[in-house]
1. Expressed in nm to one decimal, what extension gain is obtained for the pair residue 69 and residue 136 from 0.36 nm per residue of sequence separation less their Cα-Cα distance?
2. For residue 199 and residue 78, what is the calculated FRET efficiency with R₀ set at 51 Å and r taken between the beta-carbons, to the nearest 0.05?
3. With +1 on each Lys and Arg Cβ and -1 on each Asp and Glu Cβ, how big is the dipole of the chain about its Cα centre, in debye rounded to the nearest 20?
4. Positive end of the dipole of the chain, charges at C-beta (+1 Lys, Arg; -1 Asp, Glu), about the Cα centre: which of 138, 325, 374 has its Cα farthest in that direction?
5. With a sphere of radius 12 Å drawn around the Cβ of residue 346, what net charge do the other residues whose Cβ falls strictly inside it have (Lys, Arg +1; Asp, Glu -1)?
6. Suppose accessible area is computed on protein heavy atoms with a 1.4 Å probe; arrange 314, 247 from highest to lowest.
7. Considering only protein heavy atoms, what is the solvent-accessible area of residue 78 at a probe of 1.4 Å, reported in Å² to the nearest 10?
8. Using a 1.4 Å probe, how large is the accessible area of residue 379, given in Å² and rounded to the nearest 10?
Amino acid sequence: MNNKIFFQRDSLIRREHFGTLVLTLDGKRFVVEDKYFPLLQFIALNPDDALSIPLWTLKEADIIKCLDSLYEKSIITYEKPSIQTKVRCIDNGIFSSDALSFPRTVYWESTWKCNFRCIHCYSQPSNHFFDWIDLAVMKKLVDEMVLNGVEFFNIGWGEPLLYPHIFPLLEYCKNAWLMVEMTTNGSLLSTKNIQRLEESGLHFIQVSLDGACKNTYEKIRIGARFDVLLWNLQALKKAGIVISINTVLMKPNAWEILDILQVCEELWVSFFKISPLMETGRWGTNKQMLQLDLKELKSVYETLVDYQKKHQNTPLKIIFNRNLLKPSIKNLSWMPQGHYGCPAWRTTCWIDSYGNVYPCSYMNNQSLLCWNIQQKTLKEIWSQSHIFDQLRNLSSIKWACGDCEYLDFCAWWCRASAYLRFGTLDASDPLCVVHQ
């Protein structure tokens, strides 16, 4: 056995109800048996002295088997990396057999305020007095997320660059070693702001691009300028920040999806993500001009699959819900059987600009409020909310899902979509491709 073992990548190791989850911060996922958690914890603390691994806790053959597997996955190495890697080992205890011990990703609406008036906007402006959530409250949340092993903190909705404390908060996240992804409309990414984002340690940014040309983009995003967005994206790329482009799929842009992909290729962005149009916000006013039917959605997704087959060597990673075409795909492949489906309430949650916690950003109805981070800790909310408990203990779904052969793969899929359409959590997903 080698006397030196190092983690090759920044890694987060979490003990969960289904085993030990190894998350590398470049997107790799790996699950090992729970008995190996102390081994990985020991290596993280003693990289230069692996020979002193207490063999009485595991058989040597088991240790070698585990290390060989991690080495093959490029998670560990036997030579000291040129760049110092950071490893966190988290054991939060187990409270549910249908959820992680703490969210893997936390989404936060820094503000519902925005400088655009997009025709499909999901944000729900409040009629009540609005004040920015205090920076001290957010720092306390960051400390809790780091302590309990959050992998990503996603700041979005509204326009996060309008939040007055955004740069001090990003700096605090960097110093706490919390990876942040910001979702923005891209309009305020001036040279100065991009430099400040760099200095604040932002590594990932998701930018909304809902059209491949000026006409489509500016009709969807009222108040936007297509030329400004393209310039800002080029400036972001030069700054070395990883860029993800997000497109909300709807009638006005569906048939220029390949053109949007071409823009992504030309800009050399890293990810292209398709988000479904959800039945909330301004959707209700503009439904007829926005909503694709299931046949149209499948046609667009088939176009994306064909594109990927013809461009297999492209570095651009295209992300969309393939279950719409093939129901047997495991969405969360690293979760145990029956847990695939929707990550909300199992691995993620959403916090609005007032500090209210909801299962996800689309389930922001007052009846689904799970408490506020200024009243309870996120860990208390995650483990004690009756809303989360209700979702995790759904035993049946109304209508067509009961005896479906794909139920273990979709796990009833999107509860937000069902709730928005039918007003109940136990309805079938209206985007189900099996029972139409």
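1. Between residue 69 and residue 136, full extension yields an extra 19.9 nm.
2. 0.90
3. Roughly 540 debye for the chain.
4. 325
5. Its environment carries a net charge of +1.
6. Most to least solvent-accessible, the answer reads 314, 247.
7. 70 Å²
8. Its accessible surface works out to 70 Å², give or take rounding.
The values are calculated or read from the model by the stated rules, or taken from the named source; none is laboratory data. Model, not experiment: these values are computed from the prediction. Quick reminder, even Gly has a Cβ in these numbers, built from the backbone with ideal geometry, and neighbours come from all protein chains shown. Surface accessibility is based on the protein's heavy atoms, side chains included, excluding ligands, DNA and RNA. Shrake-Rupley method; radii C 1.70, N 1.55, O 1.52, S 1.80 Å.
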